[in-house]
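Engineer: Handing you this structure, nothing more for now.
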Amino acid sequence: MKARIHVTLKNGVLDPQGKAIGHALQSLGFAGVGEVRQGKYIELEMAERDPKRARETVDAMCRKLLANTVIENYSIEIAEK
Amino acid sequence: MHAAVVVFPGSNCDRDVEVALARSIGRAPLRVWHRDPGFPKVDLIVLPGGFSYGDYLRSGAMAARSPVMGEVIRRANQGVPVLGICNGFQVLTETGLLPGALMRNAGLKFICRDVHLKVETAASAFTGGYAKSQVVRFPVAHHDGNYFADAGTLKRLEDEDRVAFRYCDPQGRVTAETNVNGSLGNIAGILSEKRNVLGLMPHPERLADPELGGTDGRAMFDHFVRVLH
C-alpha cells in the first residue's frame, strides 16, 4: 500500500515562510491570493495490505516522528499505489 | 565531577562546550557518540549545538529518537541535570523533556550575533551562578529558535518560574525590538518542571574565555562544580 501524508502548521501558529511565499506571489503579479500556509508531503510504501491497519500504523508514525503535534497537524491518505 | 557531551552526526559545538566544561570543572568531559553502547554514570549531560542529522524533517527530530536519547530521557527523569544548547534545546523539545517547539525564526534569516539576555531565575543548577534580573551577553547562531508553546503551557512556565532567559537590550528591557527570532514572551531558555533540564538557544560556551571577547557564559559552567557532585 502507499501512504500519503500531509503535515501542516496548526491554525494559530504563525507561518512566516507561508507569508513570504504569499508576498513573492503577489510581487510576481498573482492577484487574489489569500493566506498561504506551507507544509510537508511525505510518501511511504508499505508492506501492509489491510488499509485500516496501514492507517493505524501511519497514524502512530505521525504521532511519534513525522509530525510535531505541538505545532503541526497531519492528514493521511491510504491508497493501493 | 563528571560531565558527558553527547555527539550526534552533525553536532558542531561539542568541542566548544567541552573546552568550557574542562576549564570550569578541571577535567575533560566524556564524549558519548550517539551509537556508543552503554552510557557512563555522570553528574551532568550536555546536548551540544549543531545540526544533528542535517536538521532533516525538523531540527532535533532525528536526534530525539536516536537510541542514546532513550538513556538521556531515563537519566533526566531520575533527576540528572541535562543542558541542551541551541540544537540541544531543539532536541529536548522534540523528546518532550521540555515543552513547546522551536520554529523557523520569524524573520526567516539565520541569526549569528551576540545578544543580551535577562536572567529570569537563579533557582537552578544552571542559572545559580547569576543573579535574578542580571543581564548577560551570549552569542546566538540559529535558524530555528522561535519558541512556541500553547497559551496554557506558557502560563505554566511563567507561573512556575521556569523561564530561565529572555532576549533583552543591554539595560535588561525585554521588548519586541530585542526579540531576535519571534519567540513568544522573548523566551530564550526554559527549565523542566523539576528544574534539572535547561534548554536555551544562545551559546554560553562561546563566551566563556576572555580571548573570545567575553566571559558571561563562564558562570554557568563554574556553578556546576559548586552544586553537582
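Bear in mind that the values in this text are calculations on the coordinates, not laboratory data. Bear in mind the structure is a predicted one, so any value in this text is a computation, not a measurement. With ideal geometry, Cβ positions are generated from the backbone for all residues, glycine too; neighbour counts draw on all protein chains shown.
Engineer: Please compute the net charge surrounding residue B:78, taking Lys and Arg as +1 and Asp and Glu as -1 over other residues with Cβ under 13 Å from its Cβ.
Structural biologist: Numbers: positive: B:41, B:74, B:75, B:194; negative: B:43, B:71.
With Lys, Arg at +1 and Asp, Glu at -1, the net is +2.
Engineer: For B:53, B:147, which order do you get if you count the other beta carbons within 10 Å of each Cβ and list the fewest first?
Structural biologist: Numbers: B:53 22, B:147 29.
In order of increasing Cβ crowding within 10 Å: B:53, B:147.
Engineer: Quick check on packing: order A:10-17, B:199-206 by the mean number of other C-beta atoms within 10 Å, highest mean leading.
Structural biologist: Numbers: A:10-17: 14.8, B:199-206: 27.6.
In decreasing order of mean packing, A:10-17, B:199-206 become B:199-206, A:10-17.
Engineer: Tell me, what ³J(HN,Hα) does each residue in region B:12-28 have, in order and in whole Hz, if you take phi through Karplus 6.51 cos²θ - 1.76 cosθ + 1.60 with θ = phi - 60° and put x for Gly and Pro?
Structural biologist: 9, 10, 4, 5, 4, 6, 5, 5, 5, 5, 4, 5, 7, 9, x, 8, 5
Engineer: If you restrict to DSSP beta bridges whose two residues both lie in region B:3-227, what percentage is antiparallel, to the nearest 5? Working shown, then result.
Structural biologist: On the way: 23 of 37 bridges.
The answer is about 60 percent antiparallel.
Engineer: Moving on. Report the equivalent ellipsoid semi-axes for chain B in whole Å, largest first, defined as the square roots of five times the eigenvalues of the gyration tensor built from alpha carbon atoms.
Structural biologist: On the way: eigenvalues 111, 80, 59 Å².
Result for chain B: semi-axes of 24, 20, 17 Å.
Engineer: Right, next: What are the ³J(HN,Hα) couplings of region A:68-81, residue after residue, when phi is run through the Karplus curve with 6.51, -1.76, 1.60 and θ = phi - 60°? Round to Hz, x for glycine and proline.
Structural biologist: Using θ = phi - 60°, the values come out as 9, 6, 5, 10, 10, 9, 9, 9, 10, 10, 10, 9, 4, 7 Hz.
Engineer: Across the residues of A:10-21, average count of Cβ atoms on other protein chains within 10 Å?
Structural biologist: Values: counts 2, 0, 3, 4, 7, 2, 8, 3, 0, 2, 2, 0.
Per-residue shielding by partner chains comes out at 3.
Engineer: Which whole number gives the average count of other chain Cβ atoms within 10 Å of the Cβ atoms across peptide B:47-57?
Structural biologist: On the way: counts 0, 0, 0, 0, 0, 0, 0, 0, 0, 0, 7.
Per-residue shielding by partner chains comes out at 1.
Engineer: Grab the beta carbon distance between residue A:2 and residue B:176, set R0 = 45 Å, and tell me the FRET efficiency rounded to 0.05.
Structural biologist: Details: r = 46 Å, r/R0 = 1.02.
Efficiency at R0 = 45 Å is approximately 0.45.
Engineer: Can you list the residues, at least 5 places off or on another chain, whose amide H is less than 5 Å from the amide H of residue B:34, using H built in the peptide plane?
Structural biologist: Amide H neighbours of residue B:34: B:7.
Engineer: Have a look at the DSSP beta bridges in the protein assembly as shown and tell me what percent are antiparallel, nearest 5.
Structural biologist: Details: 38 of 52 bridges.
The antiparallel fraction comes to roughly 75 percent.
Engineer: Going by how many other beta carbons lie within 10 Å of each one, how would you line up A:41, B:130, fewest first? List each step's numbers first, then the result.
Structural biologist: Numbers: A:41 9, B:130 23.
Exposure proxy ranking, most exposed first: A:41, B:130.
Engineer: Under unit Cβ charges (Lys, Arg +1; Asp, Glu -1), what dipole magnitude, rounded to 20 debye, does chain B have relative to its Cα centre?
Structural biologist: Working: 26 positive and 24 negative charges, 50 e Å.
It works out to roughly 240 debye.
Engineer: Related question: Can you tell me the Rg and Dmax of the protein assembly as shown, counting just the alpha carbons, in angstroms?
Structural biologist: For the protein assembly as shown, the Cα-based Rg and Dmax read 20.4, 64 Å.
Engineer: Report, to two decimal places, the Cα Rg of region B:73-123 normalised by 2.2 N^0.38 Å (N = number of residues). Show your work: numbers first, answer last.
Structural biologist: Numbers: Rg = 13.6 Å, N = 51, 2.2 N^0.38 = 9.8 Å.
Ratio of Cα Rg to 2.2 N^0.38 Å: 1.39.
Engineer: Something else about it: Ignore the peptide's own chain and count Cβ atoms of other chains within 10 Å of each Cβ in A:66-75; give me the average, rounded. Can you show the working numbers first?
Structural biologist: Working: counts 3, 3, 10, 1, 12, 9, 3, 0, 0, 0.
Rounded to a whole number, the mean comes out at 4.
Engineer: With the dipole of region B:3-227 worked out from charges on the C-beta (+1 for Lys and Arg, -1 for Asp and Glu) around the Cα centre, which of B:172, B:68, B:20 lies farthest toward the positive end?
Structural biologist: Comparing the listed Cα positions along the dipole, B:68 ranks first.
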